[in-house]
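The values are calculated or read from the model by the stated rules, or taken from the named source; none is laboratory data. Quick caveat: nothing in here was measured; it's all calculated off a predicted structure. Counting neighbours? That spans all protein chains shown, and the Cβs are built from the backbone with ideal geometry, glycine included. Remember, those area values only see protein heavy atoms, side chains included, never the ligands or the DNA or RNA. Shrake-Rupley method; radii C 1.70, N 1.55, O 1.52, S 1.80 Å.
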Amino acid sequence: TMALTIPSPQPTSHSPPFQVHRFPQDQYIDALRWLPQLSAFHRHVLLATFNSDTSISSLQTLTYTPNSPPNLSLQSSYPTPSRITSLKTLLIPQSPKPLIAASTLSGSLLFLSADLVNGSLDFEFSVPEKGFHRGPVSGIDVDGNGSGSVVSVGEDGKINLIGIGSEGRGSNQRFFDSNGLVSYSTVKWASPFEFVTGGL
């Protein structure tokens with residue numbers, strides 16, 4: 001089930017300050033993000049889904065319309081090689097489309113762009129499994145402060161930097177490798193020059 005919690009337009013002493021709208025889904029939701037808002041009348045939600053009956057994973061865009069009652073409708077779907085473990089979005093300068101970074105259970109990193117007019121998803125590039133991470137990519141973060149990099153961590157103890165700028169698009173640099181002695185589950189940029197990792 002997907003639930004949206006929205007501030008009430010004019011809360012009173014007798015009404016709750018928030019309204020909760022539930023939208024039942026027929027697939028597992030592994031991750032979700034709002035896409036940048038194009039207009040006040042509708043927004044797009046990005047979902048990473050998994051169908052347990054068919055074992056198919058996908059990224060989906062849905063349009064949320066704040067009618068009465070609110071409506072959530074599927075716009076597009078893009079199949080992924082395995083389940084999504086982490087999902088991030090980023091606005092790129094000089095590009096009208098936001099960039100989506102999605103890491104997978106099989107150890108790859110996918111980059112797609114989203115068309116905010118029709119909600120379609122377009123493949124841009126990927127960092128394949130071989131030599132990237134041995135096993136699941138457990139966490140990623142996108143630097144929104146100008147370095148043009150994605151940092152990824154995995155259960156294999158590897159920390160990678162991936163270039164997303166026009167010059168180094170898709171370039172992969174091994175930053176650190178514990179050779180499996182330490183595993184990482186999360187990572188977060190602190191500045192264009194610093195990030196912090198965490199794990200067991």
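Details
- Formal net charge of residues neighbouring Asp122 (Cβ-Cβ distance under 11 Å; K, R +1; D, E -1): -1
- Computed from the Kirkwood radius of its Cα pairs, the Stokes-Einstein diffusion coefficient for the chain at 4 °C and 1.567 mPa s stands at 72 µm²/s.
- Cα shape, segment 28-100, gyration tensor, a/c 1.5 rule: oblate
- A 1.4 Å probe, protein heavy atoms only, puts the accessible area of Arg83 near 70 Å².
- Percent accessible area from carbon and sulfur atoms, the chain, protein chains only, probe 1.4 Å: 53 percent
- Alpha-carbon centroids, segment 171-200 and segment 100-125: separation in whole Å: 22 Å
- Take 47-59, 67-79, 25-37 and order them by the average number of nearby Cβ atoms within 10 Å per residue, most first; the result is 47-59, 25-37, 67-79.
- Annotated for the chain: lysine pairs at least 8 residues apart or interchain, Cα distance under 16 Å, count 4.
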